[in-house]
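The values are calculated or read from the model by the stated rules, or taken from the named source; none is laboratory data. All values derive from a computational prediction rather than experimental measurement. Glycine gets a Cβ as well: all are built from the backbone with ideal geometry, and neighbour counts include every protein chain shown. In case anyone asks, the SASA skips ligands and DNA or RNA and just uses the protein heavy atoms, side chains included. Shrake-Rupley method; radii C 1.70, N 1.55, O 1.52, S 1.80 Å.
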Amino acid sequence: MSQFQSVKGTRDIFPEESVQWNHVESVVRTHAALYGFREIRIPVFEYTELFRRGIGSTTDIVGKEMFSFQPDPKGRSVTLRPEMTAGVMRAALQKNLFSSGMVHKLFYIGELFRKERPQAGRQRQFSQFGAELLGVSSPAAVAEVISLMMQVFSSLGLKGLRLRINTLGDGEERSRFREALQAWFVPFYDTLDEASKERLEKNPLRILDSKNPTIQELVAGAPRLYDYLKETSLQDFEKVLFYLGERDIAYDIDHRLVRGLDYYCHTAFEVTSSELGAQDAIGGGGRYDALARELGSSMDVPATGFAVGMERLLITMERQGLLAALPSDAPLVYVVVQQPDLVDNGMQLAWQLRQADISAEIDLAGKSMKAQMREANRVNASYALFLGATEYSTGCYSLKNLATSEQITLTLDAILQFLQERRAQKSLYS
Ligand code: AMP
């Protein structure tokens, strides 16, 4: 064992798990394409100021969870991205994507970094996939984003997820509500926990999604943002719900859902899984019309997005038994060479199989035939292809199905054709 261990809050993903990650990512890519979302890849770090402005300095992320450093002694501070939205918006604005009033539909898959206390389902490096619909904000746009997310979940076979949804109104409505909320909590100041006391001053809406039971009891009697919304905001929300209904997407309205970040307005949503423990949120998102202005844009770029945590998604899939049935990346064939003087011919045979798009492995260490068979089983090959003196002289090869032990002997051409037919059922990447 090495004297080094992985950094606290990070983890390695070995090949058995990579197969699962690749499967989820390919489902994400397929569905993104169905909705017309195209992939964006942005840097892993950005200027710290971007996140301060974009996420909001009163949030936990900016307040205490960012990995920030200074690459040059006199340079500006940079931060490992703790979320994607601010970076995606920065990239889109930097490229002037909106000069012609265009709509852009982008999706991403990537790693994020937050200095949180590691626990089950909460890491310091984790991954998300998500989508951002930029340049238009309408109930239809919100419905598109939510549908894409929910369709990915259902294609993966996930069941029993709960979509909670709320409306946060516009800036003016929220600021009237904020004042009402502060006034309502003040008499209970001594009952509040430390986090809520801090939030009361800076970001009282966040008190609403506190997990502390005492606070939750208080919150039950607190004013509701819903009662501060104007007719237009209410209609906007109703229309989002209408679209979800039309698409058979089940939801629960939850007036306490505010989400952690400052930039949301109107619709906000979150998806939870009862299969997860305390960290039960798989993903969430909402509309964020004010972000572009906050980042210095001279024009409005209304937007909606979602982000889903890959690790928590995979944990949920595992608990629902959805990972066992995934196609594997095991080779279709293991070439078994029966005598040492045929090793070079074996190498050539393996090469021919690969040229025909058939995955093939062969022993590279001069092992005995018995050890080669053990290896074929260990790597979970479907077939063993034998190469011995008879095969070499007749040009007919024996192919053994390692699951059923059935054996056939055919010419190489016939074997290639036989294997190509099976490859389609077997290969993960075909
Ligand atoms: P957020 O950007 O905080 O809204 O998070 C969106 C999703 O990312 C969550 O629902 C989680 O699935 C996932 N997530 C957030 N923080 C972490 C973390 N520290 N470790 C693992 N997953 C996370």
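Straight Cα distances below 17 angstrom link Lys115 to the aspartates and glutamates Glu46, Asp60, Glu65, Glu83, Glu311, with same-chain residues fewer than 8 positions distant left out.
Around the amide H of Ser127, modelled in the peptide plane, lie the amide H atoms of Leu112, Met310, Glu311, all under 5 Å away and 5 or more residues distant in sequence or on another chain. Remark: the range 240-283 carries 41 Å² of accessible area per residue (probe radius 1.4 Å; ligands, DNA and RNA excluded).
The value for the range 8-109 of Rg(Cα) / (2.2 N^0.38 Å) is 1.30. In order along the range 381-392, the phi-based Karplus estimate (6.51 cos²θ - 1.76 cosθ + 1.60, θ = phi - 60°) of 3J(HN,Hα) comes to 5, 7, 10, 10, 10, 8, 10, x, 4, 5, 4, 4 Hz; Gly and Pro are listed as x.
Over the residues of the chain, the helix contribution to mean residue ellipticity at 222 nm works out to -12000 deg cm²/dmol, using -39500 (n - 2.57) for each DSSP H run of at least 4. A simple spin-label model places the labels of Arg11 and Asp193 2.5 nm from each other, with each point 7 Å out along Cα-to-Cβ.
Among beta bridges from DSSP that stay inside the chain, the antiparallel ones total about 80%.
Against the 2.2 N^0.38 Å scaling, with N counting residues, where does the range 333-425 land? I'd like the Cα-based Rg ratio to two decimal places.
Values: Rg = 12.0 Å, N = 93, 2.2 N^0.38 = 12.3 Å.
Ratio of Rg to 2.2 N^0.38 Å for the range 333-425: 0.97.
Based on the Cβ-Cβ distance of Thr214 and Asp341, what FRET efficiency does E = 1/(1 + (r/R0)^6) give at R0 = 56 Å, to the nearest 0.05?
Once the sixth-power term is evaluated, E becomes 0.10.
A Förster radius of 35 Å, combined with the Cβ-Cβ distance separating Ser328 from Asp72, puts the computed FRET efficiency at roughly 0.15.
In the chain, the convex hull through the Cα atoms has an average projected area of 27.7 nm², a quarter of its surface area. Heavy atoms of the protein chains alone define the surface here; on that basis the range 333-425 has 57 Å² accessible area per residue at 1.4 Å probe size.
Counting only protein heavy atoms and a 1.4 Å probe, tell me what percentage of the chain's accessible area is made up of carbon and sulfur. Walk me through the intermediate numbers first.
Details: 10610 of 21650 Å².
The computed percentage sits at 49.
Listed by chain and number, the lysines placed with their C-alpha closer than 24 angstrom to that of Lys95 are Lys105; residues fewer than eight positions away on the same chain are left out. Residue-wise HN-Hα couplings along the range 179-190, as the Karplus relation 6.51 cos²θ - 1.76 cosθ + 1.60 with θ = phi - 60° gives them from phi, are 4, 4, 5, 4, 4, 6, 7, 3, x, 9, 3, 5 Hz; Gly and Pro carry x.
The modelled label-to-label distance between Ser298 and Glu111, using points 7 Å beyond Cα along the C-beta direction, is 3.9 nm. Against the main long axis of the alpha-carbon atoms of the chain, helix 412-426 sits at an angle near 20°. For the range 122-247, treating each Cα as an identical point scatterer without solvent, what Debye log10 I(q)/I(0) comes out at q = 0.10, 0.11, 0.20 1/Å? For the range 122-247 at q = 0.10, 0.11, 0.20 Å⁻¹, log10 I(q)/I(0) is -0.46, -0.55, -1.16.
Candidate cross-link partners of Lys230 among the lysines, defined by an alpha-carbon separation under 26 Å and a same-chain spacing of 8 or more, comprise Lys202, Lys239. For Ser154 and Gln352, the difference between the fully extended length at 0.36 nm per residue and the C-alpha to C-alpha distance is 67.3 nm.
Normalised by the number of residues in the chain, the average gap of Cα pairs under 8 Å and 6 or more apart makes the relative contact order 15 percent. Residues in the range 289-300 carry Karplus couplings, in order, of 5, 8, 4, 4, 4, 4, 8, x, 5, 7, 10, 6 Hz; the curve used is 6.51 cos²θ - 1.76 cosθ + 1.60 with θ = phi - 60°, and Gly or Pro positions show x.
Close amide H partners of Val336, meaning residues 5 or more places away or on another chain with modelled amide H under 5 Å apart, are Leu385, Phe386, Leu387.
Applying a DSSP loop filter and a limit of 15 other Cβ atoms within 10 Å to the trypsin sites (Lys or Arg not before Pro) in the range 125-200 leaves Lys159.
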